[in-house]
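Everything below concerns the one structure shown next.
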Amino acid sequence: MMANQHFTYQKAELHCESVPVREAVSQFGTPLYLYSRQAIVERCREIEGAFDGHPHLVCYAVKANANPAILRLVREEGLGADVGSRGELYLALRAGFRPDRITFSGVGKRDDEIEEALVRGVHAFAVESVQEIDVIDQIAGRLGTTGRILLRVNLDIDAGGHAYISTSKKQNKFGVPRHQAREVLLRAAALSHIDVRGVHSHIGSQITDVGVFLNGARSLVGLVGELRDAGLRLPDLDFGGGYGVQYHGFLCHPELPAEPPERADLSTAGMIRAVLPILAGTGCALSIQPGRAIIAQSGVLVVRVVYRKETGEKIFVIVDGGMNDLIRPSLYHAHHQVVPVRLRGASHERVDVVGPVCESGDFFAQDRLLPRCDRGDLLALMGAGAYGYAIASNYNARLRPAEVLVGSGTMTLIRERESLEDLERGTR
């Protein structure tokens, strides 16, 4: 577990790097996404350094947070990009990622998306079915080019966690079963406009047990050996993403309720170093697609308490942000540590932190022990940099929040708060 140096209390006030969070709120309002530039840079460098010189390509998963300023920052750190749509491909290219450092993932790539990626010359498609391979072959033939592919293999490994983030069990929609990989790849290798580069596996999301990765690595390496015995050369091996981060107890202070972290040794770089000797034994060039591991702990969502309601059964802390701003708690009961922006020695009480949306599922924390909150107080939801704004919506016609990047003591608005007029976009 790496110490948090980017979100800290200084004289009882929460800071992002050297900037008081309250100062950001006074300038940009709430709800507000606030990111630490240095945290993003450090995560990128730690992950890159974990490969210790072995040939590799780290592709940032754009789906985690696609803000153009953040994409440019990640690209400046030398990473590639993993995209899952034509829109993400557009954003990655606009941010300056070279096409040959972009992988294209996803189970339902449309024909126009495949064509655009082929024209641009992306590094490879992570393909998910026989029919998809055939479509890529046909479109590549029409364009007079070749589609480079990595076959996503479902290893039937239970990575734990919520069912909605499970990706490598046999009942999941992702990849082809391991026992079909040989037949699928031999067939693909015979196609005129397909270049079989290797295999790809993504065994889950928010994985905090290195043993799961070790099992996945061993299974994947065994498969590579079997496929090479069948005559396939397979120069590339893609180990996907899913590297877990600390959500519990990310911020510690004597005035905060204690939250034991998920694992004391939780480190993405450490997990990569653990599996590297296994994967490197294949002699393949390696690639991974971390998203959460780079951006989750680099951002917070700041909200303001609008009401406090006591019913005799519950205490509700009602805030001005909701599931439309950060849906992870509602979608799969994900945990985000909730902390006051200003500490004032308040006693702890058990509360539900809920939003303004007209759904009972609109909550950030349930039955959570927090310092007492009153109307006007500011709260920060820690570890909200990944799958926060990226999944935000206008449900209840609520405006999506602003995004601000903090670096070198300055605040930069990297996405304006939506306006009421923005809600009418698309009308004529």
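Key figures
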| item | result |
| --- | --- |
| Subset of the range 310-354 [among the hydrophobic types (A, V, I, L, M, F, W, C) and more than 14 Å from Asp374 (Cα to Cα)] | Met323, Leu326, Ile327, Leu331, Ala334, Val338 |
| Single residue of the range 108-157 satisfying the filter (within 24 Å of Leu57 (Cα to Cα) and among the basic types (Lys, Arg)) that is surrounded by the most Cβ atoms within 10 Å (Cβ to Cβ) | Arg152 |
| Pick from the range 214-245, criterion of a type in the set (A, V, I, L, M, F, W, C) and part of a loop (DSSP other than H, G, I, E, B), ranking: surrounded by the fewest Cβ atoms within 10 Å (Cβ to Cβ) | Ala230 |
| Evaluation of Gly211 against (1) surrounded by fewer than 19 Cβ atoms within 10 Å (Cβ to Cβ); (2) in contact (Cβ under 8 Å) with a residue 60 or more places away in the chain; (3) not charged (D, E, K, R) (one fails), failing number | (2) |
| Selection from the range 226-251 of residues that are without any contact (Cβ under 8 Å) to a residue 40 or more places away in the chain and not basic (Lys, Arg) | Asp229 |
| Residues (of a type in the set (Gly, Ala, Ser) and assigned to a loop (DSSP other than H, G, I, E, B)) located in the range 302-361 | Gly312, Gly321, Gly322, Ala334, Gly345, Ala346, Ser347, Gly355, Ser360, Gly361 |
| Top-ranked residue of the range 1-52 - restricted to ones that are small (Gly, Ala, Ser) and assigned to a loop (DSSP other than H, G, I, E, B), ranked as nearest to Ala66 (Cα to Cα) | Gly29 |
| Residue in the range 342-350 that is buried (at least 22 other Cβ atoms within 10 Å of the Cβ) and either closer than 22 Å to Ser26 by Cβ or of a type outside the set (Ser, Thr, Tyr) (or both) present | no |
| Whichever residue in the range 1-56 is farther than 28 Å from Leu399 by Cα and basic (Lys, Arg) and, among such residues, is surrounded by the fewest Cβ atoms within 10 Å (Cβ to Cβ) | Lys11 |
| Single condition Thr167 does not satisfy, out of (1) among the polar types (S, T, N, Q); (2) under 19 Å from Gly211 (Cα atoms); (3) modelled with pLDDT of 95 or more | (3) |
| Sole residue being surrounded by 20 or more Cβ atoms within 10 Å (Cβ to Cβ), within 22 Å of the chain's Cα centre (by Cα), in the same structural domain as Asp238 (by TED's automatic domain parsing) and of a type in the set (Ser, Thr, Tyr), chosen from Ser85, Ser105 | Ser105 |
| All positions within the range 246-302 that are of a type in the set (Val, Ile, Thr) and either closer than 19 Å to Ala126 by Cβ or crowded, with 24+ Cβ neighbours inside 10 Å (or both) | Ile272, Val275, Thr282, Ile288, Ile294, Ile295, Val300, Val302 |
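Residue-by-condition table, conditions (1) in the same structural domain as Val83 (by TED's automatic domain parsing); (2) of a type outside the set (S, T, N, Q); (3) modelled with pLDDT under 95; (4) in contact with a strand residue (DSSP E or B) (Cβ under 6 Å, 6 or more places away or on another chain):
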{"site": "Gly211", "(1), (2), (3), (4)": "yes, yes, yes, no"}
{"site": "Ser219", "(1), (2), (3), (4)": "yes, no, yes, no"}
{"site": "Asp229", "(1), (2), (3), (4)": "yes, yes, no, no"}
{"site": "Asp236", "(1), (2), (3), (4)": "yes, yes, no, yes"}
{"site": "Phe239", "(1), (2), (3), (4)": "yes, yes, yes, yes"}
{"site": "Phe250", "(1), (2), (3), (4)": "yes, yes, yes, no"}
{"site": "Glu255", "(1), (2), (3), (4)": "yes, yes, no, no"}
{"site": "Ala269", "(1), (2), (3), (4)": "yes, yes, yes, no"}
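The values are calculated or read from the model by the stated rules, or taken from the named source; none is laboratory data. All values derive from a computational prediction rather than experimental measurement. Every residue, glycine among them, receives a Cβ derived from its backbone with ideal geometry; neighbour counts consider all protein chains shown.
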